[in-house]
Amino acid sequence: MEVILKPYELKLRHTFTISRESHDVQPSLIVQLKDGGYSGFGEATSNPYYNITVKKMMDDLRKLEPLIASKSNLSPELFWNEMYVYLKDNMFALCALDLAYNDIYAKKKSKKLYELWGFDTSNNPLTDYTIGIDSIDKMISKMKEFPWPIYKIKLGTKEDIKIVEALRKHTDAIFRIDANCGWTVDETISNAKALKALGVEFLEQPLKADDWEGHKTVFKNSVLPVIADESCQVETDIAKCNNHFHGVNVKLVKCGGLTPAKRMLNEARAFGMKTMVGCMTESSVGISAIAHLLPLLDYVDMDGALLLSEDIAHGVNINEGVIEYSNTNGIGVSLI
């Protein structure tokens, strides 16, 4: 099984700003696995918050090329277990590899991945569309550019309530708020009351990731549900988040791919928590992989490819929140 690594610079439609950073370009790595007449594709983007670069992913994967080449007949679960031994300190690289392996494995079985898993896709949730932090006028303009039934609004400024009040004047859409660790406990509890009145569905990661006392206080006192993101990275975090958050947002790149994400989502559901999968501004390669988890989810944020000025792949189609799978087997993508 041949390993091909393809770095990309994904240009964004608009400058993307959250509480801790801004960027216009998103570096990304596509992993292609080739075995006979089959090819599988996976993706992971770089992220300074987690100290992950495309170069680091490529360096770590190149060291494993001989090992990967010899493992083409394993199940995705066994393949992931073997690769985890070597990539447990680089979950982003493991994610890209796991997606590619799931893709090629399902193609060999002549099935779409969700079909291979036996999932019913008839009640899939709609995806939100993200509005990054900007001036109020520009945030309104971005919203009008993409009329959508659900918006995820990035906050973490001194004018957060004012921003949502202004946006609310221009749409009846559902709002979800992501503060990316930008609030205090008191701010979160206070903001939740104001935001609930403005039609907000839930808050995502208002506090710093390791503030477990704060999470517990917010969990008990917030009038809105709170979803973990930065506090929920890998499988062992699900149990930690139970009784500290009302739900979890699982990111494929942080947990190491589709294989552990399925386990995490099932564990969260067993705890009675809400389930969500989010994206990290991937192209349609990473976004299409997320689509196969939709039957396990209450919420989804898979708008990454929509935020790009130009995509690098064909995959799922998304129209006003509705996700339509491609006709291709596996995760359903092809590079442009």
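Out of all the residues in the stretch 86-106, is one or more hydroxyl-bearing (Ser, Thr, Tyr), buried (at least 24 other Cβ atoms within 10 Å of the Cβ) and closer than 12 Å to Met1 by Cβ? Steps first, answer last, please.
Filtering the stretch 86-106 for residues hydroxyl-bearing (Ser, Thr, Tyr) gives 86, 101, 105.
Next cut, buried (at least 24 other Cβ atoms within 10 Å of the Cβ) only: 101.
This time we only want the ones that are closer than 12 Å to Met1 by Cβ, so: 101.
Yes, there is a match, as at least one residue in the stretch 86-106 is hydroxyl-bearing (Ser, Thr, Tyr), buried (at least 24 other Cβ atoms within 10 Å of the Cβ) and closer than 12 Å to Met1 by Cβ.
With the structure loaded, tell me whether Ser72 is surrounded by fewer than 23 Cβ atoms within 10 Å (Cβ to Cβ), in contact with an Asp or Glu (Cβ under 7 Å, 6 or more places away or on another chain) and assigned by TED's automatic domain parsing to the domain that holds Gly40 or whether it fails that test.
Values: surrounded by fewer than 23 Cβ atoms within 10 Å (Cβ to Cβ): yes; in contact with an Asp or Glu (Cβ under 7 Å, 6 or more places away or on another chain): yes; assigned by TED's automatic domain parsing to the domain that holds Gly40: yes.
It is true that Ser72 is surrounded by fewer than 23 Cβ atoms within 10 Å (Cβ to Cβ), in contact with an Asp or Glu (Cβ under 7 Å, 6 or more places away or on another chain) and assigned by TED's automatic domain parsing to the domain that holds Gly40.
Name the one entry in Lys142, Lys152 that is crowded, with 21+ Cβ neighbours inside 10 Å, within 21 Å of the chain's Cα centre (by Cα) and not in a loop (DSSP other than H, G, I, E, B).
Numbers: Lys142 fails: crowded, with 21+ Cβ neighbours inside 10 Å.
Residue meeting the stated conditions: Lys152.
Any residue at all in the stretch 281-298 that's modelled with pLDDT of 95 or more, in a strand (DSSP E or B) and buried (at least 23 other Cβ atoms within 10 Å of the Cβ)?
Here is the first cut: in the stretch 281-298, the residues modelled with pLDDT of 95 or more are 281-298.
Applying the additional criterion that residues be in a strand (DSSP E or B) yields none.
Checked the stretch 281-298: no residue is modelled with pLDDT of 95 or more, in a strand (DSSP E or B) and buried (at least 23 other Cβ atoms within 10 Å of the Cβ).
Give all pairs with beta carbons closer than 8 Å in which a residue from the stretch 301-328 that is closer than 24 Å to Glu9 by Cβ meets a residue that is aromatic (Phe, Trp, Tyr); count only pairs at least 6 apart in sequence or on separate chains.
Asp303/Tyr129; Leu306/Tyr129; Leu306/Phe146; Leu307/Phe16; Ile312/Tyr8; Ala313/Phe41; Val316/Tyr325
Do we have any residue at all in the stretch 206-228 that's within 25 Å of Met57 (Cβ to Cβ), surrounded by 19 or more Cβ atoms within 10 Å (Cβ to Cβ), at pLDDT 95 or above and touching a helix residue (DSSP H, G or I) at 6+ places or on another chain (Cβ under 9 Å)?
Yes, because at least one residue in the stretch 206-228 is within 25 Å of Met57 (Cβ to Cβ), surrounded by 19 or more Cβ atoms within 10 Å (Cβ to Cβ), at pLDDT 95 or above and touching a helix residue (DSSP H, G or I) at 6+ places or on another chain (Cβ under 9 Å).
Give the residues of the stretch 189-218 that are within 22 Å of Val164 (Cα to Cα) and part of a helix (DSSP H, G or I), sorted by residue number.
The answer is Ile189, Ser190, Asn191, Ala192, Lys193, Ala194, Leu195, Lys196, Val218.
Please find, within the stretch 35-84, the residue that is farthest from Thr328 (Cα to Cα) out of those that are of a type outside the set (Gly, Ala, Ser), part of a loop (DSSP other than H, G, I, E, B) and without any contact (Cβ under 8 Å) to a residue 12 or more places away in the chain.
Residues of the stretch 35-84 that are of a type outside the set (Gly, Ala, Ser), as a first pass: 35, 38, 41, 43, 45, 47-68, 71, 73-74, 76-84.
Retained after the next criterion (residues that are part of a loop (DSSP other than H, G, I, E, B)): 51, 53, 63-64, 71, 73-74.
Restricting the remaining residues to those that are without any contact (Cβ under 8 Å) to a residue 12 or more places away in the chain gives 51, 73-74.
Working: Asn51: 34, Asn73: 21, Leu74: 22 Å.
This residue is Asn51.
The values are calculated or read from the model by the stated rules, or taken from the named source; none is laboratory data. These figures come from a predicted structure and were not determined experimentally. Ideal geometry is used to build each Cβ from the backbone, glycine not excepted, and the neighbour counts take in all protein chains shown.
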